[in-house]
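**Student:** Structure in structure tokens, see below.
The values are calculated or read from the model by the stated rules, or taken from the named source; none is laboratory data. A quick note: this is a predicted structure, and the numbers were derived from the prediction, not measured. Every residue, glycine as well, gets a Cβ built from its backbone with ideal geometry; the counts of neighbours run over all protein chains shown.
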């Protein structure tokens, strides 16, 4: 993947994704997706569209905010491919959930997204993730390329 395209994907999707989670800002988060979104996997192991995903995210973010909890997301990549206005990115996410009492839990999972550049801006079209429990997932996360290592997948 060209470094400029990786930077654009970071600017349009991955950095705003992390910021929206940190602020528990459901509208900002959902704006990163197309209305025709296909969302699959996750803890519920289901396939849903944008409307249902939007409702789930809104409820979850509101619940977290109501409890005074926070969530920090980090991403690392094992593959980043782009051609024209299409991109496929696979990697590992780290989610750190912090409760109001300071209790922290760290979760890892694999993700695979497909994105399309629409009107000059990248948006997620398909989002699949897993909450698999693997003893090596934390190691895999550390070994993968950081989000801002835009040259890691240069062709």
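**Student:** I'm trying to understand the selection: among the residues of region 84-106, which are under 13 Å from the mean Cα position of the chain (by Cα) and farther than 23 Å from residue 35 by Cα?
**Tutor:** Residues satisfying the conditions are 91, 92, 93, 94, 95.
**Student:** Filter region 99-121 for residues that are buried (at least 17 other Cβ atoms within 10 Å of the Cβ) and modelled with pLDDT of 95 or more; which is nearest to residue 64 (Cα to Cα)?
**Tutor:** 111
Let's see how each residue does on (1) outside any strand (DSSP E or B); (2) under 17 Å from residue 11 (Cα atoms):
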| site | (1), (2) |
| --- | --- |
| 72 | no, no |
| 75 | no, yes |
| 92 | no, no |
| 100 | yes, no |
| 107 | no, no |
| 140 | yes, no |
| 151 | yes, yes |
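**Student:** Could you pull out the residue among 124, 81 that is in contact with a strand residue (DSSP E or B) (Cβ under 7 Å, 6 or more places away or on another chain), closer than 23 Å to residue 2 by Cα and surrounded by fewer than 17 Cβ atoms within 10 Å (Cβ to Cβ)?
**Tutor:** Just a single option satisfies the conditions, and that option is 81.
**Student:** Please verify whether residue 61 is in a strand (DSSP E or B) and surrounded by 14 or more Cβ atoms within 10 Å (Cβ to Cβ), treating the condition exactly as stated.
**Tutor:** The answer is no for residue 61.
**Student:** On to the next question. Please find, among 46, 104, 8, the residue that is free of Cβ contacts under 8 Å to residues at least 24 places away in the same chain, farther than 25 Å from residue 139 by Cβ and touching a strand residue (DSSP E or B) at 6+ places or on another chain (Cβ under 9 Å).
**Tutor:** On the way: 104 fails: farther than 25 Å from residue 139 by Cβ; 8 fails: free of Cβ contacts under 8 Å to residues at least 24 places away in the same chain.
After applying the criteria, what remains is 46.
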